C-alpha cells in the first residue's frame, strides 16, 4: 500500500513538473530558436569559407581567425583598424558619459523638489528617439554651410567648422550626439544611487563644517562608487556597439577615420558577401565585449555583499 | 541667505542645460515647416519666413513610390506591439515558472537564461540573418518580430518581482482548488501589472527604435520600419532636402515620444531596478 502511495506521489510530481514546465516552454522555444541556435550557427559559419553567392561553403577550420591575426591580410586590417576606431569612440565617449551623467544627477538632486521632475524629463527626453532620427538631426544641425551650429558661430564672428568632414571634429560630433542622446539613462541610474546616500551623514559633515566639495569627495563618491563602476561598464558596452551614428552621420569618414568595427563587419557580410570571415570578426568582437561584462560582474559582486552588510 | 541665491543659480544653470537638450528637437520641428530653399540658406530663423505644410503633405500624401510612410509607421507600430505582447506573455510565464513553480532543471535554466544578457547582438545577427534567409523568411514580419523575443531581460526583471510576491495569495487560491494556470492568470498577473508595464514600455521602445536588425532583415521599401526608412530616404531621394527629412523625423518621433511621456515612470523604475540598457 505504501508503495502505491509512493507511486501516486511520483505520478503527481511528474504531472506537476510537466505543467510547470509548460510555463517555461514558450520562452524556451524562442530562446533556443533565436539565441542558442544562432550562437552555434555563427560559430559553424565562422569555420567555413562562406560566400553568400557561392553554392558551396567549404569547411576551412580556423583559417578565418588565422587571417584576422595575420598582419598581412586585408581581414586583419579591417578588424584591427575597426577595433581601434571603436576603441577611440569608447575612450572619447565613456568618460564624458559618466562625468556628465553624474553631474546632471547631482544638479537635479540639488534643485528644489518641485522642479526636479520637469528637468529630469527634459534631460531624459532624447533617450526616447531612435538612432536614425538623432543622426539625421545632428547631420542637419552640424551641416557646414546651412547647419544651425555654424550659423550661430558665424553670427558670433567665427569661421564655419567642418564638423563632420574633418578630424578631430568628426569624433567630437559623434560623441556630442551620443551624449545628447543617451546621457539621460546614466543620469537616472546616478539619481537613484544618490538617493541611497544616508541624509544623516551629510548633516553630520555639515556640523563638522565640511564644504560641499569635501562632502562630495569624502561621502558621495565612496558611496556611489560601485554604481559608478557599473555605469562605466554599461557605457563601455554601449559605446562598443556604436554603429548608427557613424553609419549615418559621417559614413565612416572623413577618409575611413570613423569606420568602426561593427561597420566593417556589416560591410564584410553584405557588401563583400563573405559571411564566414564576417562571423569570425563578430565572434571576436563579442568575446572582447563579454570579457568586459565579466569584469563588470567581478566588480559589482562585492557591492552586493556590502549592501547586505548594511542590513538592506 | 547665500543658500537661496545658490539655489537660484542652480535653477538657472539647469534651465540653460535644458535649452541645450531641447534645441535640436525644436530645430527639427522648425525646419520641418520651411521650404528647402529656406532650410538650405541657413540662418537662425526659428520661425520660418515662409511657413509651409508642404513637407508634411508631400511625405504623407504624395504618391512617391519610395516614401510609403504610412506603411513604415504601420510596420513599426505593428512589429512593436506584436513583439511586446509576445515578450510580456512568454517572459511572465517563464519568470513565474522559474521563481515559483516546480520546473524541472530550473537551477540550470535560470542561470543559462541570465548569462545570455552578456551576449551582445553582434554575435547573433549574422547567423539570424542566415537562419531567416534559409527559411525564406527575410523581409517578413516574423523576421522583424521573433529575434527580440529571445531576450532574457524580461525574464530577469519579472523573476525578481515574482520572487518577492507574497505566497499567501497563491496558497489561498490553491486551497480553493484553483490550478497553476488559474492562479497565474487570475491572481499573479493582475498584481504584477506595474512591472509588466515596465517591461512592455522597454520592449516597445527597443523594437520601435532598433536600427541594425531591421536594416539587414528587410530589403524592400514596403517592409522597412520607420527608423530604417528615414535612414534610406536620407541617403536617397531626400538627400539634403532637410525640410522633408525633418518632417519625416518629426512624424517618426511623435508616437515614441508619446509612449515615453506616458511610460516615463515605469521606464525609470525598470532602469533603477536592473540597470540594463
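Just so it is clear, none of the values below were taken in a lab; they were calculated from the coordinates. Treat the numbers as computed from the prediction; the structure is a model and nothing was measured. Positions of Cβ are backbone-derived with ideal geometry, glycine not excepted, and every protein chain shown enters the neighbour counts.
A few remarks follow.
- Between residue B:5 and residue B:273, residue separation times 0.36 nm minus the direct Cα-Cα distance comes to 92.9 nm.
- Scaled against 2.2 N^0.38 Å for its residue count N, the alpha carbon radius of gyration of the stretch A:1-149 is 1.89.
- For the pair residue B:160 and residue B:114, label points projected 7 Å from Cα toward Cβ lie 1.1 nm apart.
- Largest GNM mean-square fluctuation among B:177, B:136, B:263, using chain B with Cα springs under 10 Å: B:177.
- In chain A, the DSSP-assigned H stretches of four residues or longer account for a calculated mean residue ellipticity at 222 nm of -23500 deg cm²/dmol, using -39500 (n - 2.57) per stretch and the full residue count as denominator.
- Cα-based Rg of the stretch A:184-302 normalised by 2.2 N^0.38 Å, two decimals: 1.55
- Divide the volume of the convex hull around the Cα atoms of the stretch B:64-181 by the residue count and you get 159 Å³ per residue.
- FRET efficiency for residue B:89 and residue B:19, using Cβ-Cβ distance with R0 set to 41 Å, rounded to 0.05: 0.45
- Label-point gap, in nm, between residue A:36 and residue B:54 - each point 7 angstrom along Cα→Cβ: 5.8
- A Förster radius of 25 Å, combined with the Cβ-Cβ distance separating residue A:223 from residue A:87, puts the computed FRET efficiency at roughly 0.20.
- Calculated Rg and Dmax of the stretch A:163-216 using C-alpha coordinates, Å: 18.6, 55
- For q = 0.07, 0.08 Å⁻¹, Debye-computed log10 I/I(0) when each Cα of the protein assembly as shown counts as one equal scatterer: -0.48, -0.63
- Taking only Cα atoms of the stretch A:182-246, radius of gyration then Dmax in Å: 15.5, 51
- Normalised convex hull volume, the stretch A:105-237, alpha-carbon set, Å³ per residue: 161
- Against the empirical 2.2 N^0.38 Å (N residues), the stretch B:14-62 has a Cα radius of gyration ratio of 1.32.
- Fluctuation leader among B:44, B:158, B:212 - chain B, Gaussian network, Cα springs under 10 angstrom: B:44
- Going from the fewest other Cβ atoms within 10 Å to the most, the residues A:20, A:279, A:173, B:62 appear in the order B:62, A:20, A:173, A:279.
- Ratio of Rg to Rh for the stretch B:150-277: 1.16 [Cα atoms; Kirkwood radius as inverse mean 1/r over pairs].
- Estimated D of the stretch B:1-134 in µm² per second, where Rh is the Kirkwood radius over Cα pairs and Stokes-Einstein applies at 37 °C, 0.692 mPa s: 152
- Sum of -39500 (n - 2.57) over DSSP H runs of 4+, divided by residues of chain B (222 nm, nearest 500): -22000 deg cm²/dmol
- Evaluated over the stretch A:13-97, the Cα radius of gyration and Dmax, each in Å: 21.0, 62
- Among B:102, B:54, B:91, residue whose mean-square fluctuation peaks in a GNM of chain B (springs only between Cα atoms under 10 Å): B:102
- Inverse of mean 1/r across different Cα pairs in the stretch B:64-274, Kirkwood, Å: 19.1
- Subtracting the Cα-Cα distance of residue A:8 and residue A:165 from their residue separation scaled by 0.36 nm leaves 48.9 nm.
- Tilt relative to chain B, helix B:106-115 - C-alpha long axis, 0 to 90 degrees, to 10: 20
- A full extension of the chain between residue B:176 and residue B:189 corresponds to an added length of 2.9 nm, given 0.36 nm per residue minus the alpha carbon distance.
- Computed from Cα positions, the angle between helix B:2-32 and the longest principal axis of chain B comes to roughly 70 degrees.
- In terms of other Cβ atoms within 10 Å, B:249, B:149 run from fewest to most in the order B:149, B:249.
- Fewest neighbouring Cβ atoms within 10 Å first, the residues B:53, A:163 line up as B:53, A:163.
- Computed Rg/Rh of the stretch A:76-130, alpha carbon atoms with Kirkwood Rh: 1.24
- Based on the Stokes-Einstein relation at 10 °C and a viscosity of 1.306 mPa s, and on the Kirkwood radius from alpha carbon pairs, the stretch A:59-103 is assigned a translational diffusion coefficient of 127 µm²/s.
- Over all distinct Cα-Cα pairs of chain A, the Kirkwood formula returns a hydrodynamic radius of 23.7 Å.
- Residues in the stretch B:165-184 that a label on residue A:22 would reach, taking backbone N under 18 Å of a point 7 Å out along Cα→Cβ: B:174, B:177-184
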